[in-house]
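Okay, structure first, notes after.
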Amino acid sequence: MTRTGKRVAGGSVHRRIPWLSYVVVGTGAVVMVVPFLDLLMSSFKGSGEYGRLPYRFLPEAFDLSNYRAAFEQLDLPLLFRNSVVATAVITGSTLLTSSLAGYALAKLRFRGREVIFRLVLATMMFPSFLFFIPHFLMMVHWPLAGGNNLLGNGGAGLTVSLAALVMPFLVSGFGIFLMRQFIVSIPDEMLEAARIDGAGEFTLWWRIVVPQTKPVAITLALLTFVNAWNEYIWALLVSTANPRLMTLPVGIQTLQSFLDPDRMVPIMMAGLVLSTAPVLCFFVLLQKYYIRGVMLSGLK
């Protein structure tokens, strides 16, 4: 009787939990989506319409003039080029270095491996902007670049080139950790069998490890893409040395310095919509692999 009662009680609880889960997930979805919808609707609002009380979610008239103004005020081809090049290089380098280092730390036996892995973990404990000033000084005094001599003096170094946008982000401690944790789960017997057949370490990595890490690699690529595309502080610091190195986030922020305050916010919203569109497209194309990679890598 008691056991039957427990089953009935448990069943009623199990029947209630999905509804509670739907409510929680639905509430979270609304909280996440409404700000983006407000951003999109605000990009169509007219002069002085944004911030008017009582607040109106929808614009009085859907007008594309804010998008035209964003194109007129900003050198969007240049900003897009800088953002695309920097994001592509950072994402590609992060995937390559994370996969190679993750394989070495997971499957190769060498002295100091655990120490190196702990140092990699330690880099994840500090915010990236903490190292921006040292990185910038290294860029300024890079030898034989930007007019510098062999000692790194006399010129601007790498701060006037596109390399300055990507150098601090070519290697990711989080990426190495993520790939290492996944590669550890690959059976050693599979690798040993390939070694017996004469395969070298590079062949093992390319033919066995890389194909099996595809879901987690795509997850890492998506996370890296979003972070690199939205990077603001470092891009702002670099653009002070060379304004032609501005990326989309920096360029959009500069709109507030030379626009009429009544029109500034809607035009900035239009620029933010243009900046967000590539990230959304990238995520929609890879969301299946992203969810699978999160589940397999243990990020959940």
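Listing for the model above:
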{"item": "Computed lengthening from R207 to F126, 0.36 nm per intervening residue step minus Cα-Cα distance", "result": "25.7 nm"}
{"item": "Which of A88, F117, P77, positive extreme of dipole for the chain (C-beta unit charges)", "result": "F117"}
{"item": "Taking L39, L53 and counting other C-beta atoms within 10 Å, the order from fewest to most", "result": "L53, L39"}
{"item": "Contact order normalised by residue count of the chain, Cα under 8 Å, 6+ apart, percent", "result": "26 percent"}
{"item": "Top of A221, A193, A69 by mean-square fluctuation, Gaussian network on the chain, Cα under 10 Å", "result": "A193"}
{"item": "Dipole in debye (nearest 20) - the range 66-297, about Cα centre, beta carbon charges: Lys, Arg +1; Asp, Glu -1", "result": "400 debye"}
{"item": "Computed lengthening from F62 to Y232, 0.36 nm per intervening residue step minus Cα-Cα distance", "result": "58.2 nm"}
{"item": "Dipole-positive endmost among L191, L274, F174 within the range 66-297 (Cβ charges, Cα centre)", "result": "L191"}
{"item": "23 Å Cα cut-off, lysine pairs counted over the chain (separation 8 or more, or different chains)", "result": "4"}
{"item": "Answer label for Rg and Dmax of the Cα atoms in Å (calculated), chosen among [x] 25.0, 89; [y] 18.4, 60; [z] 26.3, 96", "result": "[x]"}
{"item": "Residue of R111, R263, R81 that the Gaussian network model of the chain assigns the largest fluctuation, springs spanning Cα pairs under 10 Å", "result": "R111"}
{"item": "Ranked packing of 177-184, 135-142, most packed first, by mean Cβ within 10 Å", "result": "177-184, 135-142"}
{"item": "Under the span-like rule (Cα at least 20 Å along the axis, Kyte-Doolittle mean at least 0.0), DSSP H helices of the chain", "result": "2-42, 76-107, 214-230, 261-297"}
{"item": "Order by protection proxy (mean Cβ within 10 Å, highest first), peptides 103-109, 242-248, 117-123, 22-28", "result": "242-248, 103-109, 117-123, 22-28"}
{"item": "The range 78-102 residues near the modelled L119 label - backbone nitrogen below 15 Å, point 7 Å along Cα→Cβ", "result": "101-102"}
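Where a number appears in this text, it was derived from the coordinates with a stated rule and is not lab data. Nothing here was measured: the structure is a model prediction, and the numbers come from that model. Positions of Cβ are backbone-derived with ideal geometry, glycine not excepted, and every protein chain shown enters the neighbour counts.
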